[in-house]
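The block underneath contains the structure these notes are about, expressed in structure tokens.
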Number of protein chains: 2
Amino acid sequence: MPEDYGWEGEAHSLAVEKVLYKGNSEFQEVLVFESSTYGKVLVLDGIVQLTEKDECAYQEMIAHLPLCSIPSPKTVLVVGGGDGGVLREISRHSSVEQIDICEIDKMVIDVSKRFFPELAVGFEDPRVHLYIADAVDFLRCAPKGKYDAVIVDSSDPVGPAQELVGKPFFETVARALRPGGVLCNMAESMWLHTHLIQDMIYTCRQTFKGSVHYAWASVPTYPSGVIGFLICSTDGPPVDFINPINPIEKLEGALKHKRELRFYNSEMHSAAFALPSFLKREVTFLRDSPISGQPICIS
Amino acid sequence: MPEDYGWEGEAHSLAVEKVLYKGNSEFQEVLVFESSTYGKVLVLDGIVQLTEKDECAYQEMIAHLPLCSIPSPKTVLVVGGGDGGVLREISRHSSVEQIDICEIDKMVIDVSKRFFPELAVGFEDPRVHLYIADAVDFLRCAPKGKYDAVIVDSSDPVGPAQELVGKPFFETVARALRPGGVLCNMAESMWLHTHLIQDMIYTCRQTFKGSVHYAWASVPTYPSGVIGFLICSTDGPPVDFINPINPIEKLEGALKHKRELRFYNSEMHSAAFALPSFLKREVTFLRDSPISGQPICIS
């Protein structure tokens, strides 16, 4: 029996071996099933959020793209990310002293702790402080300049996450970041959502006065097989996102912490900023991005 | 109505607006349909070969990865590629004097000329010489050292293409290449076919005494959303595949020839050789590949 997500002329289907959980939280429908080829799968409101086989690509990229781009990150905020996978990745960085996570839906956390122990292990880190709250409210109350990095691991901008792509939200993020602090935000598919990407980049360029980049990674179970990341820095010490100043290979213990890295490495980091010609042409700003103008080194 | 290809616990489905053609050649079933989101789709024996929306990624990468890696390519052989898309891309290279194509199934060419004029335009180049033949026989009869580059644009290694992944085939390719000549071969998905990739790399390392690399690109309508390329050179002048010696941006007229490049550029070329950690770990040889040992420059 196939489990389809989305049907706008295209669908990716995974065979369901067994439904393990189905419930309705205050915010959304939460479903967990065992697939025959991708391990266990978490589905929110009918949209695949992660599978055990390929979650490595998304979780590792969204955490290390920002954290490897700045020296010695200390305070990090995760918006969403209730499965815990991003926490697991952040905890590889021994410089980090505080990891705040603001997740609106406690059921996602409970379900992850029950069915996805390889992700929920991230909650066990003593540096983690969990807030069950709306991220917009949380960020409004956060002290100005508190965070070195904010990672927005939201679901698609429908349902509870629809506020997380607007200018007011990005402004509260920028306010909560220190000068030269960084944001990494889930940013859809380059093959399917060019206009949404263009809008997000336009908004972020107005808000983030450091730099604004787009990167992407291969995730088979996301629509069109890719996911993008919008990565920005505030006015302050310049951040060179493409050549990580804090390479993961040089962080003691990071490669083995809790489990080996499966996807991310410094070459994948730099390569993620290389963009197809069609995207550079359609998203005006990307034509002027530094990667097309000057040689960059990846190692 | 969805059109599924493959069902081993996973399927990608495209809505069929209209079936445009269905026929059986001597070798395979040939189907063309209009999809609602990816334009027209070519299907051989139930497996999606290309869609109008994303064919750019595959055709451009498989042609320019090898041809931009060597100076002034003159003679090129395409194995398979009956849709003509690879020919269209090769013809951007004005140094090329002769483009031979050996396709076993004339029906693929006829169907492409009728339904995919943007690909079949490749056949109109006067440098193209078409041979309807079995590629193994054709290569056995080719003069030793004739080609600067061989591009194997085959279907999956079942049906007519099953001979094209074995050692004898790679040996006939190597024999037909000049010293320092290059092969680029379609090489499956890094997410799904690690063992097949390992086998192909092992075989090619025995046969190609120059270098052997693996690269990949995002193609939404292929299984797991990616396709790989095995790229090799014979003993002779060394070939640095990762830093193209013959960048497409510097080739006069190449960016606009017949149509604009949609996917490939020099950054995408170099980035395609960055591999996820799981692939480097599982495919032993890749651990020792130059990209992990020394800095490389992409521009």
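The values are calculated or read from the model by the stated rules, or taken from the named source; none is laboratory data. The structure displayed is predicted, hence computed values, not measured ones. Using ideal geometry, Cβ is built from the backbone for each residue, glycine included, and neighbour counts are taken over all protein chains shown. With ligands, DNA and RNA removed, areas are computed over all heavy atoms of the protein, side chains included. Shrake-Rupley method; radii C 1.70, N 1.55, O 1.52, S 1.80 Å.
Couple of notes before you dig in:
- The set of residues in the range B:82-106 that are buried (at least 19 other Cβ atoms within 10 Å of the Cβ) and either of a type in the set (A, V, I, L, M, F, W, C) or part of a strand (DSSP E or B) (or both) comprises B:VAL86, B:LEU87, B:ILE90, B:VAL96, B:ILE99, B:ASP100, B:ILE101, B:CYS102, B:GLU103, B:ILE104.
- Among residues of the range B:221-230 being among the aliphatic types (A, V, I, L, M) and within 14 Å of another protein chain (Cβ to nearest Cβ), the one that is nearest to A:GLY9 (Cα to Cα) is B:VAL226.
- Selection within the range A:132-152 - of a type outside the set (Phe, Trp, Tyr), within 22 Å of A:ALA187 (Cα to Cα) and open to solvent by less than 30 Å² (accessible area, probe 1.4 Å): A:ALA135, A:VAL136, A:LEU139, A:ASP148, A:ALA149, A:VAL150, A:ILE151, A:VAL152
- Residue under evaluation B:GLY181, criteria (1) open to solvent by 10 Å² or more (accessible area, probe 1.4 Å); (2) under 21 Å from B:GLY80 (Cβ atoms); (3) out of contact with any helix residue (DSSP H, G or I) (no Cβ under 7 Å at 6 or more places or on another chain), criterion not met: (1)
- Which numbered condition B:PHE33 misses (of (1) within 13 Å of chain A (Cβ to nearest Cβ); (2) open to solvent by 50 Å² or more (accessible area, probe 1.4 Å)): (2)
- Residue within the range B:50-67 that is closer than 30 Å to B:GLY210 by Cβ, in the same structural domain as B:GLY145 (by the TED database) and in a loop (DSSP other than H, G, I, E, B) present: no
- Selection over the range A:196-236 of residues that are assigned to a helix (DSSP H, G or I) and among the charged types (D, E, K, R) gives a count of 2.
- Checking B:SER233, B:SER218 one by one, the residue that is of a type in the set (S, T, N, Q), surrounded by 24 or more Cβ atoms within 10 Å (Cβ to Cβ) and more than 14 Å from chain A (Cβ to nearest Cβ) is B:SER233 and no other.
- The range A:268-277, subset farther than 22 Å from A:ILE248 by Cβ and in contact with a helix residue (DSSP H, G or I) (Cβ under 7 Å, 6 or more places away or on another chain), residue nearest to the other protein chains (Cβ to nearest Cβ): A:PRO276
- Sole exception among (1) of a type in the set (A, V, I, L, M, F, W, C); (2) under 25 Å from A:SER155 (Cα atoms); (3) more than 14 Å from chain B (Cβ to nearest Cβ); (4) surrounded by 18 or more Cβ atoms within 10 Å (Cβ to Cβ) for A:VAL239, by number: (2)
- Within the range A:69-81, being surrounded by fewer than 24 Cβ atoms within 10 Å (Cβ to Cβ) and either in contact with a helix residue (DSSP H, G or I) (Cβ under 6 Å, 6 or more places away or on another chain) or not assigned by the TED database to the domain that holds A:ILE231 (or both) holds for one residue alone: A:PRO73.
- The lone exception for B:ASN246 - which of (1) open to solvent by less than 30 Å² (accessible area, probe 1.4 Å); (2) of a type outside the set (A, V, I, L, M, F, W, C); (3) touching a strand residue (DSSP E or B) at 6+ places or on another chain (Cβ under 7 Å) it fails: (3)
- Residue that is modelled with the lowest pLDDT [pool: residues in the range B:6-33 that are within 25 Å of the chain's Cα centre (by Cα) and part of a loop (DSSP other than H, G, I, E, B)]: B:GLY6
- Any pair with Cβ under 6 angstrom, 6 or more apart, that starts in the range A:42-57 at a residue that is in contact (Cβ under 8 Å) with a residue 24 or more places away in the chain and more than 15 Å from A:GLY23 (Cα to Cα) and ends at one that is open to solvent by 10 Å² or more (accessible area, probe 1.4 Å) and of a type in the set (Val, Ile, Thr): none
- Selection of first residues in the range B:171-189 that are farther than 24 Å from B:VAL283 by Cα and of second residues that are open to solvent by less than 10 Å² (accessible area, probe 1.4 Å) and not aliphatic (A, V, I, L, M), restricted to Cβ pairs under 8 Å at least 6 apart or on distinct chains, gives the following pairs, ordered by first then second residue: B:ALA176/B:TYR147; B:LEU177/B:TYR147; B:ARG178/B:TYR147; B:GLY180/B:SER233; B:GLY181/B:TYR147; B:GLY181/B:SER233.
- Any hit, the range A:186-195, residues being assigned to a strand (DSSP E or B) and buried (at least 20 other Cβ atoms within 10 Å of the Cβ): yes
- When restricted to residues that are away from every other protein chain (no Cβ under 14 Å) and buried (at least 20 other Cβ atoms within 10 Å of the Cβ), the range B:36-62 contains 6.
- Test result for A:VAL16, farther than 26 Å from A:SER218 by Cβ and among the aliphatic types (A, V, I, L, M): no
- Within the range B:255-294, tally of residues that are assigned to a loop (DSSP other than H, G, I, E, B), at pLDDT 90 or above and surrounded by 20 or more Cβ atoms within 10 Å (Cβ to Cβ): 9
- Here A:LEU183 meets the list (1) over 17 Å from A:ILE231 (Cβ atoms); (2) at pLDDT 95 or above; (3) touching a Cys at 6+ places or on another chain (Cβ under 6 Å) almost entirely, failing just condition (1).
- Considering the range B:113-131, the residues that are in a helix (DSSP H, G or I) and more than 18 Å from the chain's Cα centre (by Cα) include one that is surrounded by the most Cβ atoms within 10 Å (Cβ to Cβ), namely B:PHE115.
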